[in-house]
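Engineer: Once you've had a glance at the structure underneath, I'll fire off some questions.
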Amino acid sequence: MNLKTSCEHAIFAAGCFWGVQATFDQVNGVITTVVGYCGGTTLNPTYQEVCQGTTGHAEAILITFDPTIISYDELLDIFFTNHDPTTLNSQGPDHGSQYRSAVFFSNDKQLSSATHKIKQLTDSQTHTQPIVTEVTASTSFFDAEDYHQKYYQKHNITCTILLTDKK
């Protein structure tokens with residue numbers, strides 16, 4: 001038996017984590033997703049604490065992926081295409097720092113890829129407003145409560161993934 005040991009991880013925040021998880025669950029090469037909290041100072045925060053906006057955490061998603069099927073750069077493309085990276089602490093009807101746009105990188109390669117992607121989007125004038133996505137080193141990731149995991153699946157809600165054209 002040949003077991004794959006080449007899995008990598010990515011952590012993104014793009015508003016409410018339910019829709020973000022539903023989006024990435026549809027991506028070929030994504031092995032698992034877990035919603036949770038990242039970027040704050042409180043240990044083991046609860047949803048109620050994060051919603052108060054005092055923990056510093058963002059609602060985030062931890063993605064385990066196979067880089068032989070999908071690259072980190074391709075995950076970034078999906079991330080930036082499926083939310084508005086120009087709104088500060090807000091996505092759709094959700095407002096507060098817990099809904100900020102963020103890339104939590106775990107190594108220099110991810111940092112370089114994220115900053116390069118933002119520069120590409122800025123230079124291409126894809127957005128009329130400046131990109132405000134936070135790019136910061138990942139801190140501890142805390143799993144959200146069970147009732148948040150796979151929320152769209154549990155409630156039979158469908159989600160459409162937007163993909164970018166590769167040129």
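Engineer: Taking θ = phi - 60°, what integer Hz values does the Karplus form 6.51 cos²θ - 1.76 cosθ + 1.60 yield along the stretch 131-136, in sequence order, with x for Gly and Pro?
Structural biologist: 6, 10, 4, 6, 10, 8
Engineer: At 1.306 mPa s and 10 °C, plugging the Kirkwood radius over alpha-carbon pairs of the stretch 5-45 into Stokes-Einstein gives what diffusion coefficient in µm²/s?
Structural biologist: Rounded to a whole number, D works out at 134 µm²/s.
Engineer: Classify the stretch 53-134 as rounded, prolate or oblate from the Cα gyration tensor: take a ≥ b ≥ c as the square roots of its eigenvalues, call it rounded if a/c is under 1.5, otherwise prolate when a/b beats b/c and oblate if not.
Structural biologist: In terms of gyration-tensor shape, oblate.
Engineer: Still on this structure: Please give me the summed charge of the neighbours of residue 25: other residues whose Cβ is under 13 Å from its Cβ, Lys and Arg +1, Asp and Glu -1.
Structural biologist: +2
Engineer: For the chain, count all C-alpha to C-alpha pairs, find those more than 30 Å apart, and express that count as a whole percent of the total.
Structural biologist: More than 30 Å apart: 12 percent of the Cα pairs in the chain.
Engineer: Residue by residue through the stretch 85-96, which ³J(HN,Hα) values in whole Hz follow from phi under the Karplus form 6.51 cos²θ - 1.76 cosθ + 1.60 (θ = phi - 60°), with glycine and proline marked x?
Structural biologist: x, 9, 9, 7, 6, 6, 9, x, x, 9, 10, x
Engineer: Subtract the Cα-Cα distance of residue 44 and residue 143 from 0.36 nm times their separation in residues, and report this length gain in nm to one decimal.
Structural biologist: 34.8 nm
Engineer: Something else about it: Out of the stretch 65-148, which GluC sites (Glu not before Pro) are coil in DSSP terms and have no more than 13 other C-beta atoms within 10 Å?
Structural biologist: Of the GluC sites (Glu not before Pro), the ones in loops of the stretch 65-148 whose Cβ has at most 13 other Cβ atoms within 10 Å are 145.
Engineer: Under the Karplus relation 6.51 cos²θ - 1.76 cosθ + 1.60, θ = phi - 60°, what is the ordered set of whole-Hz ³J(HN,Hα) values for the stretch 14-27, x standing for Gly and Pro?
Structural biologist: With the stated coefficients, the stretch 14-27 comes to 8, x, 4, 6, 4, x, 4, 5, 4, 5, 6, 5, 8, 8 Hz.
Engineer: Could you list which residues have their amide H under 5 Å from that of residue 31, counting only those 5 or more apart in sequence or on another chain, with H placed in the peptide plane?
Structural biologist: 64, 65, 66
Only the coordinates and a few stated rules stand behind these numbers; no lab work does. Keep in mind that this is a model prediction, so the values were computed, not measured. In this analysis, Cβ positions are derived from the backbone assuming ideal geometry, glycine residues included, and neighbour counts consider all displayed protein chains.
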